[in-house]
Amino acid sequence: MVTSRIISGLCLIILLLLWQFAVMSGFLKPFQFPPPSRIGEAIVELAVSGFPNGERIWTHVGITLWRIIQGYVLAIGLAVPIGLLIGTIAVLDKLTLPIITFLRSVATLSLLPLVIIWFGTGELTKVLLIAYGCFWAMLSNVIAGVKYVDPVMIRAARTLDTRPLAMFVRVVIPAALPRMFAGARMALGVGFMVIVGAEMIGTIQGLGALIMEARTFYRSDITIVGMLFIGLLGFTITSGLSWLETILLPWSKGLSEVRR
Amino acid sequence: MADPARSDVAPSKIEICGVSKRYATDDPDTPLVLDNINLAIGDNEFVTLVGRSGCGKTTLLNIIGGLVESTHGDVKVNGRTVSGPGQGKGMVFQQHALFPWLTALQNVGFGCRNKGVHKAERDQIAHQLIELVGLHGFEDKYPAELSGGMQQRVAIARALATDPEILLMDEPFGALDELTRLEMQDELLRVWSAHKKTVVFVTHSISEALVLSDRVILLAARPGRIRREFPIPFPRPRKRTDPQMIALYDDIWKSLA
Ligand SMILES: Nc1ncnc2c1ncn2[C@@H]1O[C@H](COP(=O)(O)OP(=O)(O)OP(=O)(O)O)[C@@H](O)[C@H]1O
Ligand SMILES: [Mg+2]
């Protein structure tokens, strides 16, 4: 465990050093591949004076995080009850399946022009785009989770005189939870894909906007810093979600213990 | 209903009347899994079903339990046609079928909770049963943390928790080692005689059937029908080495082959 961490840390340092030397020796162009030292300076610049127009990195991170949270919470909050309903009622599932398959296949960012016409270029547009992307990923997983409960569980519960409400609350929902968490993780991934595109219009705040502005100023070092922070943000939230899952679903730990 | 000529005979607890089963009902070409099964099981009787793999034992047990519908015929419990599972019919499945999100204790208490038994009482019942199946100390483990045999024992405790008058058990000791298996057979007989239960028990082991039951029903395959019945009149506890038992074992073995 510890040695593997030391090794992966060493690998990273060696890679960064190689990169640095490749640029210093003129093998890579600093404009295309800003060296690690340049990126470090860019981080300091973003933290102290800010970019563009003095927007500091914390503002960008905070704004992006807030937009994702709003869109994500909205999407999950809608997808869970709707998914539970559709997954439980077979007729509803049959009726909605084509619509859901169609709408979830529409790449979220392709809706951008339309959403701008409807809602302008303000905050609402960004939040709604994130929500749209997250919603379908979550919805289809909630439906599948409820629909594909192991029939053996249902049978066992029926022999124990489980009434319909208890069947739903104490069998179907717990059985569907692992799949719902998988959906929540997928939705988060979608949210991070959408955010960069959504922030490229009508704002200079947020990590997506930072990357966009950096492009117009030919600051590839800042682009990389933006990418770095988006990655870090995604990593942190995903880890938080996994942690939440081990707390809420302690029983599914043993189920995932499979090595190949 | 009342037949004066038979008034001396105790009424059957379970009556299986002309039960046939075909899984794909819309396709008459699919073979019958069960063909015209007739069987009456008395109150407090311990009946064992034996037969080769695939002969329809699980199917018959599920029909008695009200989980699977018969194609023809019906099953009566206490003179009333079975319309669904539960209601005094406890089941132990061939695969343990525990709820993975509940601990052993919560699994055992599940049925009591449905009946509105308070938590303190429920836990007490569950603790006793977990003790009975020899899993003291494993109350708070999740099914995934238990071995196959332990899971099966929790499933038995779960079926016993609501004290059902009928126990339907599908190879419940299949996953146990020989020693635990013998212990569990003794426990089951103790529970059965102490709590007055009617048991229908499926097993592949003829010697298990001989040690446990009042009657062994031998099923033939394709389609499943009753080939022969063997009453086992010996008092319990029984010894496998008893010459009469060995003779009966050979008899069943010959009919099976
Ligand atoms: N749900 C089902 N749909 C279609 N066919 C089924 C179904 N369940 C069982 N069968 C068929 O019915 C027959 C009897 O199956 P069953 O499970 O009752 O056998 P069994 O006697 O319990 O066998 P085993 O000893 O292996 O458990 C088998 O041929 C099987 O293929
Ligand atoms: Mg079977």
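Of all positions in the stretch B:45-53, none carries a residue that is within 14 Å of chain A (Cβ to nearest Cβ), within 16 Å of ligand 2 (Cβ to nearest atom) and farther than 18 Å from B:Leu212 by Cβ. Considering the stretch A:43-94, the residues that are part of a helix (DSSP H, G or I) and acidic (Asp, Glu) include one that is modelled with the highest pLDDT, namely A:Asp93. If you go through the stretch B:207-231 and keep only what is open to solvent by less than 10 Å² (accessible area, probe 1.4 Å) and away from ligand 2 (no atom under 14 Å from the Cβ), you end up with B:Glu208, B:Ala209, B:Leu210, B:Leu212, B:Ser213, B:Val216, B:Ile217, B:Leu218, B:Ala220, B:Phe230. B:Leu34 satisfies every condition listed in (1) surrounded by fewer than 22 Cβ atoms within 10 Å (Cβ to Cβ); (2) modelled with pLDDT under 90 except (1).
With the requirement that a residue be open to solvent by less than 10 Å² (accessible area, probe 1.4 Å) and under 19 Å from B:Ile41 (Cα atoms), what does the stretch B:158-177 give you? Passing the criteria: B:Pro164, B:Ile166, B:Leu167, B:Leu168, B:Met169, B:Asp170. Go through the residues of the stretch B:89-112 one by one and say whether even a single one is more than 16 Å from ligand 1 (Cβ to nearest atom), more than 11 Å from chain A (Cβ to nearest Cβ) and in contact with a Gly (Cβ under 8 Å, 6 or more places away or on another chain). For the stretch B:89-112, residues more than 16 Å from ligand 1 (Cβ to nearest atom), more than 11 Å from chain A (Cβ to nearest Cβ) and in contact with a Gly (Cβ under 8 Å, 6 or more places away or on another chain): absent.
Could you grab me the full set of residues in the stretch B:168-183 that are within 16 Å of ligand 2 (Cβ to nearest atom) and either touching a helix residue (DSSP H, G or I) at 6+ places or on another chain (Cβ under 8 Å) or modelled with pLDDT under 90 (or both)?
Listed by number, the residues that qualify are B:Leu168, B:Met169, B:Asp170, B:Pro172, B:Phe173, B:Gly174, B:Ala175.
The residue pairs whose first member lies in the stretch B:54-66 and is β-branched (Val, Ile, Thr), whose second member is within 8 Å of ligand 2 (Cβ to nearest atom), and whose beta carbons are closer than 9 Å, counting only pairs six or more residues apart or on different chains, are B:Thr58/B:Gln94; B:Thr58/B:Asp170; B:Thr58/B:Glu171; B:Thr58/B:Val202. Taking (1) in contact with a strand residue (DSSP E or B) (Cβ under 9 Å, 6 or more places away or on another chain); (2) open to solvent by 20 Å² or more (accessible area, probe 1.4 Å); (3) within 12 Å of chain A (Cβ to nearest Cβ) in turn, B:Gly73 satisfies each apart from (3).
The values are calculated or read from the model by the stated rules, or taken from the named source; none is laboratory data. These numbers come from a predicted model, not from an experiment. With ideal geometry, Cβ positions are generated from the backbone for all residues, glycine too; neighbour counts draw on all protein chains shown. Calculation scope for accessible area: heavy atoms of the full protein, side chains included, ligands and nucleic acids excluded. Shrake-Rupley method; radii C 1.70, N 1.55, O 1.52, S 1.80 Å.
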